[in-house]
Structures are given as structure tokens and as C-alpha cells.
1. Using a ≥ b ≥ c from the Cα gyration tensor of the range 450-490 (square roots of the eigenvalues), is it rounded, prolate or oblate, where a/c under 1.5 gives rounded and otherwise the larger of a/b and b/c decides, a/b for prolate?
2. Using Cα pairs closer than 8 Å and at least 6 residues apart in sequence, work out the relative contact order for the range 502-592, in percent.
3. Could you order TYR587, TYR277 so the one with the most accessible surface comes first? Probe is 1.4 Å.
4. Treating only the Cβ atoms of Lys and Arg (+1) and Asp and Glu (-1) as charged, compute the dipole magnitude of the range 183-317 about its Cα centre; round to the nearest 20 debye.
5. Between beta-carbons, use under 13 Å as the cut-off and find the net charge around ILE366, counting Lys and Arg +1, Asp and Glu -1.
6. In terms of the Cα gyration tensor, with a ≥ b ≥ c the square roots of its eigenvalues, is the range 201-288 rounded because a/c is under 1.5, prolate because a/b exceeds b/c, or oblate?
7. Got a sec? Charge dipole of the chain, +1 on Cβ for Lys and Arg, -1 for Asp and Glu; which of ALA649, ALA37, VAL107 is way out at the positive end?
8. Between VAL539 and LEU314, what length comes free when the chain is fully extended (0.36 nm per residue of separation minus the Cα-Cα distance, one decimal in nm)?
Amino acid sequence: MKTTNPAEPPEEASEARIRPASRALVWLNGHASLVGALVVGSLAAALYIRTIDYGFFGDDPTGYFRWMEGVSWIELFTSSPGFFLRPLVFVISKFLLLILGSYNAPVFHFVPLFLHVANTVLLGVLASALSRRQSFGWLAALLFTTFPLSHEVVAEFDAICHPLLIFWVLLALVFFERGRRTGSRAFLWAVYPTMILALLSHENGLILPVLLLAIELIYYPPRSVHELVRRPVLHYFAVPVLYLLWWLLIPKAATSTPHSLGAVLRNTLPFLQVVAYPLLPFVKLNVTQWGGLLALVGASLIVTYVAARALGTLRVWLFAIILMVLASVPSLLFLDWDYLHGGPRLYYLGSVGAALLWASPPLAIIALAKGSVVRRAATIGAGALLTLALVLPPIPFIRCQLDLFDQATGMLRLVSAQASAAPAGRELVFVNLPAFFISNDQHPRGCPPTYPFVTTGVGVYPPYGNLQDFIRVNGGPDRPALGGTVTEYDPNWPPRYGEVIPLTAMRDTVQDNQVYVFEIGTWSLRDLSAAWQPDAQQVQAPLATFGDLLALESTHVQENYGDLAVTLQWQVRGVPEQPLAAFVHVYDRAGKLLAQHDGPLGQSGAPVNYVPLTLWHAGDGIQDVHTIPLSTPLPPDGYTIAVGLYDQATVQRLPARTLDGTPLRDDLYVLEPE
């Protein structure tokens with residue numbers, strides 16, 4: 001007779017507890033594709049979500065938007081702003097502008113982010129189908145998500161043609177694979193419109209029929225040429241032929257010719273870097289070590305080949321190689337080294353092949369998990385560690401690059417806000433705006449050169465860009481604005497945006513325009529027109545005069561948290577022979593010195609004096625701001641401020657007098673703030 005321990009739960013209760021877990025496992029197993037898509041899609045979105053708040057820089061304002069605004073919908077298909085023809089990109093931009101009424105940055109930037117997430121999921125679907133392994137597909141998608149050189153494609157709207165192209169390419173490949181595997185004519189016919197959209201997105205869509213043919217030959221090899229000719233896959237080549245005829249008929253604003261063999265070979269280096277990218281965080285190379293890069297590429301191909309052979313994904317490996325070669329050919333032939341070296345966006349298509357290559361090694365190791373529990377655990381752990389070694393190292397590099405894009409966005413909006421606040425009726429001139437930068441306070445040495453055959457940093461203002469466009473599309477007013485470079489203001493900060501302005505020409509520039517100087521140290525703009533007023537109207541009753549050189553016209557005191565800002569407005573009556581310094585002392589009622597500040601007259605805390613004595617004329621107005629740190633709070637019963645001038649060479653104070661000529665005690669002008 002069977003006895004039951006009352007302390008033990010009945011079998012039914014135990015099964016009831018186990019059943020939900022079993023159901024969950026069954027559900028997950030039956031919906032692995034959905035789970036995989038949600039996981040990798042969420043990771044892709046999380047990594048790049050901050051890009052929706054970025055501004056418009058690079059080619060966006062002038063190269064894309066200005067041209068697009070000036071042509072009709074029909075002309076998008078019959079003209080070109082360069083040597084390329086990508087009407088679908090401009091159709092999307094024009095449509096967004098039409099429905100939004102302005103360049104709404106979050107909405108515009110959502111499009112490339114969405115495309116990147118969609119491409120991640122589509123690659124997972126395609127890789128799962130080609131490998132017949134869902135684990136392979138979603139690992140490939142994860143590798144694609146963390147490919148280190150995709151940051152520019154997601155962050156810059158002007159690069160939208162690349163994720164848009166890959167979206168259509170991957171969708172066409174998924175349609176074709178599904179159609180060939182299931183025999184569905186609907187999927188095979190769906191390839192045609194998808195291919196047309198790919199070609200309208202980017203010229204590299206021309207490789208799509210070759211990729212379809214590669215799948216046909218690898219997965220469904222014909223017994224003879226005659227059999228291949230009869231297959232529908234060759235019909236797809238009619239679409240790019242018609243596209244080329246149309247492309248040749250459209251006039252281009254620029255042309256490009258194939259390079260010499262030497263230039264083509266040099267251009268291969270950045271594309272070879274894509275093959276070996278997972279090894280570069282562990283093997284440090286510089287841009288001159290092409291021999292080391294070739295060795296890493298060879299090792300990468302061998303390792304991935306052996307893994308693919310062991311895993312049974314050799315056909316995927318071969319397809320990945322073909323894809324990477326085809327993705328590189330147009331750029332190798334027609335683009336300059338500088339453009340390749342400075343354009344991470346160009347490797348987005350190749351990253352699909354790299355993800356397909358490197359998905360095999362971790363899974364090949366896990367597939368060896370046999371024998372004892374310890375051995376299986378160790379093998380699976382080794383495969384998991386290799387996965388982490390492939391996925392994690394690029395993430396700090398990506399985040400560093402996105403930090404720089406954050407900084408660029410801040411500068412763009414700073415300029416637009418200043419343009420909005422500037423006095424009306426004057427043309428704006430912004431001096432020493434950075435055209436390109438590679439570091440900031442978070443990353444004072446820039447992003448690590450982990451991938452040396454592509455530059456790091458952010459290109460903000462291209463040389464051909466119209467500053468008025470940048471201000472307008474980033475939320476500022478549509479008013480005339482120019483960029484200029486004054487080397488003497490900051491000789492250690494190339495490259496800058498705008499034509500060179502000689503220092504001697506700054507007087508006329510300030511007199512005729514509203515001028516702001518960008519200061520890289522504080523990442524801020526200084527209002528030079530407020531600091532210097534050439535030939536200003538003289539005040540008849542100044543507060544005090546200092547020698548025969550300067551008159552103090554007005555003062556303004558502002559108490560801030562932790563400091564005191566004292567603004568002094570001077571009038572030049574005679575140009576000093578030697579540089580002068582102004583000093584501001586703060587005293588309590590008993591005459592005790594509380595705080596003080598000295599500084600070159602007119603420099604106002606700037607890194608250099610933007611208005612050197614050589615530019616002064618009698619009648620000029622000079623504004624001088626002294627920010628005085630306060631170690632203790634100001635006394636509640638009041639305080640006084642004393643102002644004076646002295647010769648920086650001799651430290652001799654200039655004699656101070658009242659308007660009627662009465663000497664001031666200690667050559668100081670004293671004011672009592674209210």
C-alpha cells in the first residue's frame with residue numbers, strides 16, 4: 001500500500017507549478033523568430049536612441065535640403081545635385097517637410113533609426129533562412145547592430161541613402177530566398193518593386209541582381225548553363241539595365257572617373273578592415289600598417305571558414321564574401337582615399353557580410369558541447385565568451401562617436417539660438433566655428449583609434465556649406481549669415497569653417513556686421529560686437545577719465561551664485577602705447593578687501609584679446625566684463641566696488657579724475673551697487 005508524507009505537496013500541485021514554466025518554454029520555442037526580432041531590434045534602438053535628438057550637419061542643410069527645396073517633385077527624378085541620382089531619398093525628405101512644415105529634427109532622425117532597427121531584424125530573418133539556424137540568424141543580427149562604423153549612418157540624416165538601400169536589398173533577398181524555397185511566385189514577383197526602390201535609393205542597388213544570382217548558384221546550383229539561362233533569376237538583370245539607361249540620360253552636377261590600379265589597391269584597406277574588425281580591438285594597428293591588416297584579414301577568413309565548415313554554414317560564408325566584395329567595388333573604383341578614409345557610412349553594406357562571417361565561430365564552439373556536464377558547460381561558456389568578445393568591444397567606440405555628435409548638436413543649436421537673439425537688420429558673422437572636431441571634454445584625446453583605416457570625429461560645417469542654411473534648419477531664423485576664420489584668435493585650432501579674415505579687416509567686419517567668436521575651450525560664443533564698438537557715439541558726461549586715454553562711461557553689477565559680474569563700458573580717447581589692465585576690487589563697509597579681479601582691458605576672460613591695441617581708434621567703445629569669484633557671501637549691509645587701470649609693463653596706475661578734473665583718491669573710481 002502506497003503511503004504519502006503529508007509534508008510533501010501532492011504531485012498535482014507540483015505539476016501545476018511546473019506547467020507555466022513549460023508553457024513559457026514551449027511558447028518561446030514556437031516564437032523564436034519573434035523573440036529574436038524583439039531582442040535585437042530593442043538593442044539596436046537602445047544603442048542609437050539618442051540620435052533622434054541630433055541636429056542637422058554635414059551635407060544636410062546645403063547639400064541636401066537647399067537643393068531639394070529648389071526643385072519640383074518631378075525634377076527629383078530628372079536632375080541631380082552631384083554625380084549621384086537618389087530620388088527616393090529626396091522624396092522622403094520633401095514629404096516630411098511638406099507634412100511637418102519645418103525640419104523637425106526628432107521626426108527626421110527617427111527615419112534612419114527606424115531603418116537601422118528594421119535592417120537588424122531583416123538581417124536576422126535572412127541569416128536564419130540562409131543558415132537554416134535561427135541562433136545563427138539572430139547572432140548575425142546582433143553583430144550587425146554593434147558594428148562599430150555604423151554610427152554615421154544612423155546619426156546623420158544625409159547618410160539615409162545607405163540604410164534605405166540596405167533595407168530594400170535585405171527585403172529583396174528575403175523575398176527571393178522565401179520564393180525559391182517555397183516556390184511562391186508572389187515572393188519572386190515582389191523582388192521587382194523592391195529592386196526598383198533600392199536603385200532609386202542608391203546606385204549600389206546595381207549589385208542586387210548579382211546577389212540574387214549568387215544565392216541561386218550557391219543554394220540551387222544548375223546542372224548546366226542552359227538550365228541556368230532558363231531560370232527566372234536572370235530576368236532581374238533587366239531592371240538595372242533600364243536604370244542605367246535612365247541614369248545616363250540625367251544630367252549630373254559632377255562626374256567621376258575610375259581610378260588607377262594603385263589608387264584602387266589603396267582604397268581596399270578600409271574595406272579589408274571591415275572583414276577583420278572584431279580583431280582590431282585586440283591587435284593595435286595604425287594606418288600605415290597595411291601588412292598587419294592583411295595578416296588579420298587572412299586570419300579572419302581562415303577562422304570563419306573553419307567555423308562555417310564545422311557548423312555547416314559554408315554556403316553563408318561564401319555568400320558573405322561575395323556580398324562584401326560587391327559592396328566595395330563602386331567605392332574602390334570611383335571614390336577618393338580621403339572620402340573613403342573619412343566616410344564610415346560607406347561600410348554599412350559591407351557590415352552585413354561581416355556579420356554573416358563572424359556569426360559562425362561562437363556557434364561552432366557551442367556545437368562541440370558534448371560529453372560530461374562540466375565539458376558541455378565549459379564549451380558553451382567558451383562560445384558565450386567569444387560572443388561577448390565580438391559584441392562588446394565596439395560599443396565604447398560607438399558611444400564615444402555619439403558623444404561627439406551630441407557636442408556637434410549643441411554647437412549647432414547654440415549658433416541658431418544666438419542668431420535668433422541677435423539684433424535685427426545686421427548680417428551675422430560667426431568666427432572660428434569648427435568645421436570638424438575629434439575630441440571634447442569627455443574624450444580629450446578623442447575616440448580611440450581602434451579602427452585606424454577610418455577617421456574618427458564629426459564633420460559639422462563642410463567648406464561648401466551655407467551657414468544661413470545651417471541656422472535655418474536647426475531652428476534659427478532665415479537671415480544672412482557667414483562663417484569666417486581669424487587665425488590669430490586661436491592658431492592651434494584647425495580646421496575651421498569659412499574664408500580667412502585678416503586680423504586687420506576685423507574692424508570693418510565688426511562695424512558692418514554682428515560678429516560672434518566661437519571659443520573652443522568653453523564651447524561658447526562671445527559677442528564681439530558687444531565687446532567692441534568701432535567709432536561709437538561719445539557720451540558727453542562719463543563717470544571718470546583715466547589719463548588722456550580712456551573714459552569710463554557706465555557700469556553694471558550683477559550678483560550671481562558664487563560670483564560677481566562687473567561690466568565696465570569704456571570710451572577710447574587716445575590709443576595707449578602699451579597694453580593696459582583693468583582691475584576691480586570689492587570692499588566691505590569697513591574698507592576690508594573681499595575679492596578682486598585683474599585682466600587685460602577688453603579681454604573679458606577670453607582666451608586672447610580679440611581687440612588688440614593695433615585695432616583701436618579714438619572714439620571706439622570697449623566693453624570689459626570682470627567675473628569675480630566670491631569665497632564668502634557679500635555682506636548684507638552693503639559693499640563698494642573700486643575700478644582702476646594700470647600699465648601692464650610698469651604696473652603704474654593711470655590717473656583717475658572726475659568729469660570736472662578733480663583727482664580721484666588712489667586713482668580709483670568707486671561705486672556702490674544698489
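The values are calculated or read from the model by the stated rules, or taken from the named source; none is laboratory data. Model, not experiment: these values are computed from the prediction. Using ideal geometry, Cβ is built from the backbone for each residue, glycine included, and neighbour counts are taken over all protein chains shown. Accessible surface areas use protein heavy atoms only, side chains included; no ligands, DNA or RNA. Shrake-Rupley method; radii C 1.70, N 1.55, O 1.52, S 1.80 Å.
1. It is oblate, given that a/c is not under 1.5 and a/b is not larger than b/c.
2. 16 percent
3. These residues rank, largest area first, as TYR587, TYR277.
4. Here the size comes out at about 180 debye.
5. Details: positive: ARG133, LYS370, ARG375, ARG376; negative: none.
Net of charged neighbours comes to +4.
6. Details: a/c = 2.81, a/b = 1.32, b/c = 2.13.
Note, shape of the range 201-288 comes out oblate.
7. It is ALA37.
8. The VAL539-LEU314 span can extend by a further 72.5 nm.
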